[in-house]
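To start, the structure itself, in structure tokens.
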Amino acid sequence: GCTALTEIHFPSSLSSISYNAFQGCTALSEINFPSSLKSIGEHAFDGCTSLTSVALPAGIDTIGNCIFQNCTGLQSVTINNGITAIPALMFKNCTSLASISLPASVTVINYEAFMGCSKLANVTFGGAVTSIGNNAFNGTAITSVTLPDTVNSIGFGVFANCRNLTSATLSDRISSIQ
């Protein structure tokens, strides 16, 4: 990675960021995505350990897996309404992330999306989630969880290694827990 890069100012016309584009840019601490952004490729910001906050614009329709994986300094995430899925491994091992609020547009949380986010204690579901993938919250600090009534499928290990989890309220519609 480009270890000296600290900030990126994207042009307002930017529509796509390719896979691995800024992977391993360990000094990168500031990103401001333009509203024109439609696509972010896999591992685009993987390992950007100095990154502390990100806000994903609503217009994004393609988000690759692992885009913020191993961003250990990431503390604040804003996911705007319009984004429908949390990709696999999107925030895996973001060990400084303490809370996340998912907008009403999110219907799927893919596998290992928040796995290893050891400080993640608060998750707010937007009310439209239907499926939560394998190990999605494995190893987080969640203390209690109330899944929306829309959830009908939970993968294996979703809350494995959540040592602080004391209460879970599941949806009446769940037909499968692996």
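Quick check: is even one residue across the range 63-70 of a type in the set (Phe, Trp, Tyr), at pLDDT 95 or above and more than 27 Å from ALA121 (Cβ to Cβ)? The answer is no, given that none of the residues of the range 63-70 is of a type in the set (Phe, Trp, Tyr), at pLDDT 95 or above and more than 27 Å from ALA121 (Cβ to Cβ). Set side by side, the residues THR124, THR84 differ, and just one is within 24 Å of PRO34 (Cβ to Cβ), β-branched (Val, Ile, Thr) and open to solvent by 50 Å² or more (accessible area, probe 1.4 Å), which is THR84. Looking only at the range 15-37, residues that are part of a loop (DSSP other than H, G, I, E, B) and either loosely packed, with under 14 Cβ neighbours inside 10 Å or modelled with pLDDT under 95 (or both) come to 3 in all. Residues of the range 1-14 that are open to solvent by less than 50 Å² (accessible area, probe 1.4 Å) and not in a loop (DSSP other than H, G, I, E, B): ILE8 alone.
Listed here are the residues, each with its yes/no results for (1) out of contact with any helix residue (DSSP H, G or I) (no Cβ under 7 Å at 6 or more places or on another chain); (2) farther than 17 Å from SER12 by Cα; (3) free of Cβ contacts under 8 Å to residues at least 24 places away in the same chain.
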{"position": "SER35", "(1), (2), (3)": "yes, no, no"}
{"position": "HIS43", "(1), (2), (3)": "yes, yes, no"}
{"position": "ASP46", "(1), (2), (3)": "yes, yes, no"}
{"position": "LEU51", "(1), (2), (3)": "yes, yes, yes"}
{"position": "VAL54", "(1), (2), (3)": "yes, no, no"}
{"position": "PRO57", "(1), (2), (3)": "yes, no, no"}
{"position": "THR72", "(1), (2), (3)": "yes, yes, no"}
{"position": "GLN75", "(1), (2), (3)": "yes, yes, yes"}
{"position": "THR78", "(1), (2), (3)": "yes, yes, no"}
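Of the numbered criteria (1) hydroxyl-bearing (Ser, Thr, Tyr); (2) within 17 Å of the chain's Cα centre (by Cα); (3) open to solvent by less than 60 Å² (accessible area, probe 1.4 Å), the one SER118 fails is (3).
The values are calculated or read from the model by the stated rules, or taken from the named source; none is laboratory data. Please read all numbers here as calculations on a predicted model, not as lab measurements. Backbone-built Cβ (ideal geometry, glycine too); neighbour counts: all protein chains shown. When the accessible area is computed, the model is the full protein with side chains, heavy atoms only, and any ligands, DNA or RNA have been set aside. Shrake-Rupley method; radii C 1.70, N 1.55, O 1.52, S 1.80 Å.
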